[in-house]
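Trainee: Pasting a structure below so you can have a look.
Throughout, read-outs are computed from the coordinates displayed, never taken from laboratory work. This is a predicted model, so every value here is computed, not measured. Backbone-built Cβ (ideal geometry, glycine too); neighbour counts: all protein chains shown.
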Amino acid sequence: MEPPAKHKEEDRSPRPPFAATVSRVAVAQICLTIGYAAAEPAALRALADVAARFVQALTRSGASIAASNGRTDANLLDLVRAMEDLSLPLGFAGASDPTRPLLRSSILRELMAFVRSVEEIPFPRPIRRESVRTRVSPSFAQMGREPPFRHVPRWLPCFPESWERSPREGEGGGDGREAEGNRERTKGVSLLWEGERLLPAERERVWFRLEYCGRERKKKKRVGEKAEERGGKRR
Amino acid sequence: MNSSSGEGRHDDDSALTEFLASLMDYTPTIPDELVEHYLSRSGFHCPDLRLTRLVAVAAQKFISEVASDALQYVQSFQFLAFFCSIELRIMHCKARPAPPVKDKSKQPKDKRLVLTMEDLSKALHKHGVNLKHQEYFADSPLTGMDPSSREE
């Protein structure tokens with residue numbers, strides 16, 4: 001096998017994350033509205049990074065304030081307090097009054113004035129939203145079922161049905177499917193549970209070819225029947 | 001007295017309600033998807049889109065303030081340079097006869113405003129962010145050394 005081709009120096013540098021790229025474009029648009037005609041790449045990168053860190057700091061502070069008040073969902077009051085905390089180094093009107101009402105904060109008024117004065121410039125292209133990776137399964141209470149064990153609270157998500165169908169200690173009897181599953185386990189092959197579907201016991205044989213990159217071993221090994229006999233293990 | 005303060009509070013509440021309602025129609029420059037990405041990373045859970053837009057608007061305001069502060073540094077520097085150049089020209093004109101008038105259309109085109117690290121670091125320093133960058137990068141450790149010390 002030939003050694004890999006030498007990459008150019010440009011290819012060695014990792015691509016920036018998508019979020020960083022989007023924030024860079026948004027910051028460039030803001031600079032254009034301010035009056036800048038161009039920006040140094042390093043300056044634009046730095047300002048985009050600062051913008052991302054500002055958003056994260058603001059939201060972390062808001063989430064922390066909500067959690068300290070015993071809530072998981074943050075609201076407007078938490079956000080206003082977080083904005084005031086971030087504005088303390090520069091100061092804002094009414095900062096010295098500890099009994100100031102949050103909904104009449106000067107920071108909110110400044111934001112209102114900013115929205116009224118600045119021209120609306122949306123992002124140039126639509127951004128694809130991240131797909132929901134994990135679905136939150138309904139809880140026992142939502143499904144109207146009782147948990148199988150006493151120590152399991154009802155507000156927890158339900159156990160997978162495949163787990164509930166599998167044999168547990170103290171429970172007798174089993175389907176033919178379970179016996180087949182045991183047989184498969186003794187062979188050293190693990191089943192993949194895909195929700196309610198099970199992989200069939202008899203599947204097509206898969207052939208592999210192993211090739212070594214080094215000069216010493218030029219043998220090509222074929223793995224197929226031998227792997228099945230040894231229960232999936234290979235030398 | 002109490003009625004006037006009560007009316008004032010009512011006006012403030014209505015203004016805030018209108019502002020939050022207007023956020024649904026307002027599209028900030030920072031997109032909602034980007035803000036939601038950072039919200040999920042920070043653990044800020046809120047299904048209300050108005051709060052997401054409020055965070056985007058706050059971030060946009062912050063960046064606008066920083067950029068405008070940096071622009072002021074550039075403009076003040078350009079103004080000083082222009083003022084100094086005028087003073088020098090006046091002094092030269094008094095010393096010798098004026099040169100022929102050049103074509104005014106051929107003005108230097110170096111008046112584009114460019115965001116530089118120097119101006120940005122000054123502007124961010126005012127907001128409590130310390131930004132430092134390398135002045136230059138050398139290709140190798142021996143760059144800039146004397147030839148005699150290189151041989152050693």
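Trainee: Could you check the simple spin-label distance between residue A:209 and residue A:38, using points 7 Å along Cα→Cβ, in nm with one decimal?
Mentor: Once both label points are built, they end up 5.4 nm from each other.
Trainee: Something else: Sort the following peptides by mean Cβ neighbour count (other Cβ atoms within 10 Å, averaged over residues), highest first: B:27-38, A:19-30, A:102-113, A:151-162.
Mentor: B:27-38, A:19-30, A:102-113, A:151-162
Trainee: Which FRET efficiency value, to the nearest 0.05, is calculated for residue A:145 and residue A:75 with the Förster distance at 30 angstrom and r the Cβ-Cβ distance?
Mentor: 0.35
Trainee: Ok, one more. Report, as an integer, the average count of C-beta atoms from other chains found within 10 Å of each Cβ along A:109-119. Mind dumping the intermediate values first?
Mentor: Numbers: counts 4, 3, 7, 7, 1, 6, 10, 2, 0, 7, 1.
Average neighbour count from other chains, rounded to a whole number: 4.
Trainee: What is the mean number of Cβ atoms from other protein chains located within 10 Å of the Cβ atom of each residue in peptide B:23-31, rounded to a whole number?
Mentor: If you average over the peptide's residues, the count of other-chain Cβ atoms is 6.
Trainee: Could you check the simple spin-label distance between residue A:18 and residue A:57, using points 7 Å along Cα→Cβ, in nm with one decimal?
Mentor: Each label point lies 7 Å from its Cα, and together they span 2.7 nm.
Trainee: I've got another one for you. Short version: ³J(HN,Hα) in whole Hz for each residue of the range B:129-142, in order, from phi by Karplus 6.51 cos²θ - 1.76 cosθ + 1.60 (θ = phi - 60°), x for Gly and Pro, what are they?
Mentor: Couplings: 10, 8, 10, 10, 9, 5, 5, 7, 10, 9, 5, 9, x, 8 Hz.
Trainee: In addition: Would you tell me the mean number of C-beta atoms belonging to other protein chains that fall within 10 Å of each C-beta in B:113-121, as a whole number?
Mentor: Average per residue, whole number: 6.
Trainee: Could you pull the Rg and Dmax for the range A:9-117, using just the Cα atoms, both in Å?
Mentor: In Å, with Rg to one decimal and Dmax whole: 17.6, 58.
Trainee: Which value in Å does the Kirkwood hydrodynamic radius of the range B:14-77 take, with 1/r averaged over all unlike C-alpha pairs and then inverted?
Mentor: Evaluated over the range B:14-77, this radius sits at 13.3 Å.
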